[in-house]
Every structure is written in C-alpha cells, then in structure tokens.
Amino acid sequence: MNYKTGLVKDVKWVNEKDHICLLTVSGDFAGDAGQFYLLRAWEEEPFLSRPISIHDREDDLIRFLFQVKGRGTALLSQLKEGDPIRLLGPLGNGFPVKETYRNVAVIGGGIGTAPLYYLLKECKRKNVRADYYAGFKTEPYLWEQYEKVAESALIATESGAFGKKGFVTEILPQEKDYDAVYLCGPEIMMKNVAAVFSDSVPVYVSMEKRMACGIGACIGCTIKTVNGYQRVCKDGPVFLREDVIFDA
Amino acid sequence: MHKGLEVNLCGVTLKNPVIGASGTFGYGKEYEELYDISVMGAICSKGLTLHKKEGNSGIRTYETKGGLLNSVGLQNPGVDAFIETELDRMLSYDTVTIVNLGGGSLEEYLMGLEKLNKTKVPLIELNISCPNVKSGGMAFGIKSEVAYEVVKEAKKVSKKPLIVKLSPNAEDIVDMALSCEKAGADALSLVNTFKGMAIDIQKRKPIFDNVTAGFSGPAIKPIALRMVYEVKKAVSVPVVGIGGIVSAEDAIEFIMAGAEAVEIGSGNFMNPLLGKEIVENLEKWMNENGVSSLREIRGII
C-alpha cells in the first residue's frame, strides 16, 4: 500500500446518459482484480477521498471506471490531462482466481461491471475460461472491450435496447457447472444471482459501503456478515456469499 | 527529532505533541503500512470496552461539508482480546501507547481499568462520552456530577495516569473540566465529537440508524479551540487539544491556547500521512520562527 501522486493521462465519458466516466492515470500503480484505490484530486473539500475499484492497469498506467454520483466523482470527471491526483492503495482483498479453476462465471450489473474487466483479463492470463454476463438499464459500458477478453459474453438490459430484455438473472445458464462465480453490482442483484448457483460453488461478491479511512482503521464501512460486522475496506470488498447477510 | 518538541504528559515523555486520536488510528498497524509511526508522539487505541461490542448497524460514516459524521458504536474486541492480540505490538512501537477505555456502566469502567493495571500501558484515556445504561443512555460526559463520580471511582482503581476525554456536548464544558480535575483526573483531552445528524431527503429518513451521530473535522475546529482555551484557563492539569486539526498551524493554535499536546482525528482520513506531516511541519515552523521549545508558545493567549 502506498500514497502517491500520479498524473491524469485521460478522462473521457463512456456513457453520458448514465454519467459513466473513464479516468486513466499515468504511473506505476500495483493492484489485483477486485482491489481498489482511494482517489483524491483536491485539497480539503470534499473531506474524504473516493474509493474506486481498479478497472484496468498496465505497467505504467491505471484506469478507473466510475459513475458520477456526488461532489467527489464530479471533480474526478472534470480532471484534465496532466492534472495531479493522489492515490492510496491498492486496498482490499480482491477476487481470488485460483489456477485450478477451469470455468468461471463473471457477472455484473451497471457500474458494478467496473472491476470485472481487470478480472476477466486476469482469468485469461491464468488460462481460466470466464463467461461474462452483464445487466444494464439501457446500454452496456465498454461492451466490445469486455467481449474481447471474455470466453463468452451475454447481456441483458431492462429496456431491451441491447441483448435480452430483463435482468441479468434471465441470461444465466441453467445447467452449466462453474468452479467459481464472481459478482459485482447492486446488492439486490447480487443476492438474486447468488441464489441461482448451488451451495457447492464458491460465489464471490464485491460489496460497497460509504468509507472513510480505507485502510481498516476507522471501522466505518462495515457490512453485516455471519461473523459479525466486517470492514468492506480491509476484510473485503470481496466476500463469500454465504458469509454476507444482505440488506436488500 | 527537535528536543523542543518534547512533551511531558502526566510524567510520561512524548517525543512530540502529536497523538493519533482514538478511533481514527486503529491499533497503529493500519498506518504502519504507510509510514514509520514511531515519528508520532503517541498513539491512542480504538475505544475499548470491557466486553466485545458489535457496533452500530446501518451507515456508519457520512461526509458533510468540512467534516464527517460517524456512528461506529465503539465496535471493539473487548479489553481482554485487545490485551491478548494487539497490545504487545502497540507497545513495541517506538512511541507511547495510550489505551482509550469506555464503558456502559461504572462497573464496566472499573473492571476494564483493573485489567489494564496488569499491563505495561503507560497512559489511559477515559472516554466519558459513552451512553450510560443507568441514565437512559445519556452519556456520562453530559452532567458534571455524573462524570465526577466515574472519574473519582476510576482514580481509586487505576494505577495508571488517567486522561479524561471530555465531550463537547457537556452542559458546561468548564464546569465539567473542573469537576473531572477535582475528581482526580491527571489530564483532560477535548473535544470528542459533537452530536449531529443528517437526513436522506429522498428516503425521508435519518442517514443513521441511531438518528444522531458524532461530528468531527475542520468544521468544528474553532469551537474546539475555544473550549480548550476556556478549559485551560480554568484547570491546572495538562490539556490535550482535539478537534479538526489538519495542519501544523492548527496544532500550533491549540498549543498557543494552552494545549500540552494535540490529537489528530478525522484529519487522518483526509490525508493518511497527516500525523507524520504535522510532526515535520511543526519542527519546520519552530526553526523558521526561532522557537526553540514549544514551552515558549504554550498558553500564550
């Protein structure tokens, strides 16, 4: 874990209607799929930095795909090439991709698909076949890019404009055996999708919570689990579905 | 490190006046991954209670302009588990360990203190902002006479110096400080968080399950500074200043208002290297301003 400054290489809108932004930062930033950074491109306001998952990284750059929701993400979306930005991380545990896995399912909903691109790349690198299933309201984000690294890719949209009309649960295979399943999306979606898979399959869910320190010190980002309250930033963000007591 | 930064707090020497505040500095190890925390004057443990506490449900942290509301609810493993799993490592750092102790009843405070008596902890910070089960959840730190009783009994039991951490929600902060001093407090630290709240207007519900939460951050600094100033004018025991400190300049203000030392709280979330940077910048400020010891500026206002 480090707290250091990188330079903004590029900021672009991926989907203006849903306020989805792709930020590329130059610099050597470590991290595994499912881990995240706290981002800060301002001094005292907003008070806290913003936790954003790793969307992609290479030796000399790191990318974050995020939805503009409030003051912090709005400021991040307004950055220009060459602007300095401070990154604290990599934080959290990330998605475990075991070399012994042969077939896995990677399933996302909305902006929850952000960390899954780097996960799909990691699966490919480890020769793990990863089928990608994603659900969106009206249209997907960076679909071609995801399609390229996934073994197969299926999409559902609530509007029916792309792929099958409906929720992501409707495009999941009925009888395919997976060695593991990875989920990131709204809690209700993860809860419903997790229920589709038998108890014998490890299902990893990536959780989200309002966060302050990001390093496990303040115990402010806890979720309910069968082992009591656990910190999303340090014990997670990735948990086994049987451990999580979903709010949704 | 500059000798003039040294502080004597209840007979314990701190190499500088910068302390990582309880609840924001974990058990030290979280920040140890980022910088050498032995640069700190002292570090305070997360608030402990006799028994393990699960903490509060729902949202626990909520950013506001100039600060942060929190409703963690003292989640902690309990004093025994802390002593077993965290304390030795904390004591091994080349800085002073302060253990922050809370309680839901007088008995809990006293039993916690008895356990800490048997350890090598040099200093205890007594958190009297905890809800008192007997008085319907009103914190021990609101009414001076309630706080007086707790501190008096705690002093009878504790073999370690007690820094009593005051709540700014006290009915009268100066009267509270005087009562705690009279009860035997070796030092006072102030302020803990202000009672605040926030509402989700779309859901038409409070943000926090507990409705109210503790407010901290730069927004409270002027009030905290005023309270430290007024308290230090009234008491003779050392005062540790806390409240919205995010720079060496802020820390110097508290010292000029009479603080022996300062605690850095939610500022650690704004800048995870803040503790270290404040120590460095304090030293720099002293050199630039020809101040050879903090004693020269302490309480000059």
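The values are calculated or read from the model by the stated rules, or taken from the named source; none is laboratory data. Only a predicted model underlies this, so the values are computations on that prediction, with no experimental measurement involved. As a convention, Cβ positions derive from the backbone with ideal geometry for all residues, glycine included, and neighbour counts pool all protein chains shown.
Here are some notes:
- Pair list, Cβ under 9 Å, 6 or more apart: the stretch B:52-63 residue at the interface with chain A (Cβ under 7 Å from one of its Cβ atoms), other residue β-branched (Val, Ile, Thr) and in a loop (DSSP other than H, G, I, E, B): B:GLY55/A:ILE219; B:GLY55/B:VAL72; B:ILE59/B:ILE207; B:ARG60/A:ILE219; B:ARG60/B:VAL72; B:THR61/B:VAL72; B:TYR62/B:ILE207
- Checking each residue in the stretch A:1-41 for being over 15 Å from A:PHE66 (Cβ atoms), of a type in the set (Gly, Ala, Ser) and either assigned to a strand (DSSP E or B) or touching a Lys or Arg at 6+ places or on another chain (Cβ under 9 Å) (or both) picks out A:GLY6, A:SER26, A:GLY27, A:ALA30, A:GLY31, A:ALA33.
- Of the set (1) modelled with pLDDT of 95 or more; (2) surrounded by fewer than 23 Cβ atoms within 10 Å (Cβ to Cβ); (3) farther than 30 Å from B:SER22 by Cβ, all apply to A:TYR182 but (2).
- Any hit, the stretch A:36-52, residues being out of contact with any helix residue (DSSP H, G or I) (no Cβ under 7 Å at 6 or more places or on another chain), closer than 30 Å to A:PHE197 by Cα, of a type in the set (Val, Ile, Thr) and surrounded by 19 or more Cβ atoms within 10 Å (Cβ to Cβ): yes
- A:LYS191 passes every criterion in (1) in a helix (DSSP H, G or I); (2) within 16 Å of A:VAL106 (Cβ to Cβ) apart from (2).
- Residue match in the stretch B:37-45 (condition: more than 14 Å from every other protein chain (Cβ to nearest Cβ) and either surrounded by fewer than 22 Cβ atoms within 10 Å (Cβ to Cβ) or of a type in the set (D, E, K, R) (or both)): yes
- Any hit, the stretch B:234-248, residues being assigned to a helix (DSSP H, G or I), surrounded by fewer than 24 Cβ atoms within 10 Å (Cβ to Cβ) and either within 14 Å of chain A (Cβ to nearest Cβ) or not hydrophobic (A, V, I, L, M, F, W, C) (or both): no
- The residues on offer are B:TYR109, B:TYR35, B:TYR31, and the sole one that is aromatic (Phe, Trp, Tyr) and within 19 Å of B:ALA139 (Cβ to Cβ) is B:TYR109.
Residues checked against (1) closer than 21 Å to B:VAL239 by Cβ; (2) free of Cβ contacts under 8 Å to residues at least 40 places away in the same chain; (3) in contact with a Pro (Cβ under 7 Å, 6 or more places away or on another chain):
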residue: B:THR95; (1), (2), (3): yes, no, no
residue: B:GLU107; (1), (2), (3): no, yes, no
residue: B:LYS118; (1), (2), (3): no, yes, no
residue: B:GLY184; (1), (2), (3): yes, yes, no
residue: B:ASN192; (1), (2), (3): yes, no, yes
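- Any chance A:ILE62 is surrounded by 18 or more Cβ atoms within 10 Å (Cβ to Cβ), of a type in the set (A, V, I, L, M, F, W, C), closer than 22 Å to A:GLU151 by Cβ and at pLDDT 95 or above: no
- Residue, nearest to the chain's Cα centre (by Cα), within the stretch B:184-233, restricted to residues that are under 24 Å from B:GLU260 (Cα atoms), within 14 Å of chain A (Cβ to nearest Cβ) and in a loop (DSSP other than H, G, I, E, B): B:THR193
- Some residue of the stretch A:163-174 being small (Gly, Ala, Ser), crowded, with 21+ Cβ neighbours inside 10 Å and closer than 19 Å to A:VAL203 by Cα: no
- For beta carbons closer than 7 Å, sequence separation of 6+ or different chains, a first residue in the stretch B:7-34 that is within 14 Å of chain A (Cβ to nearest Cβ) and a second that is of a type in the set (Asp, Glu) and crowded, with 24+ Cβ neighbours inside 10 Å, the qualifying pairs are B:ALA21/B:GLU263; B:SER22/B:GLU125.
- Scanning the stretch B:152-166 turns up at least one residue that is assigned to a strand (DSSP E or B), among the charged types (D, E, K, R) and closer than 26 Å to B:ASN210 by Cβ.
- Residue satisfying all of: in the stretch A:114-144; over 19 Å from A:LYS176 (Cα atoms) and touching a Cys at 6+ places or on another chain (Cβ under 7 Å); surrounded by the most Cβ atoms within 10 Å (Cβ to Cβ) among these: A:LEU116
- The set of residues in the stretch A:209-243 that are of a type outside the set (Phe, Trp, Tyr), more than 9 Å from chain B (Cβ to nearest Cβ) and without any contact (Cβ under 8 Å) to a residue 40 or more places away in the chain comprises A:ILE223, A:THR225, A:VAL226, A:ASN227, A:GLN230, A:ARG231, A:LEU240, A:ASP243.
- Of all residues making up the stretch A:40-80, the number that are under 16 Å from the mean Cα position of the chain (by Cα), away from every other protein chain (no Cβ under 13 Å) and of a type outside the set (Asp, Glu): 12
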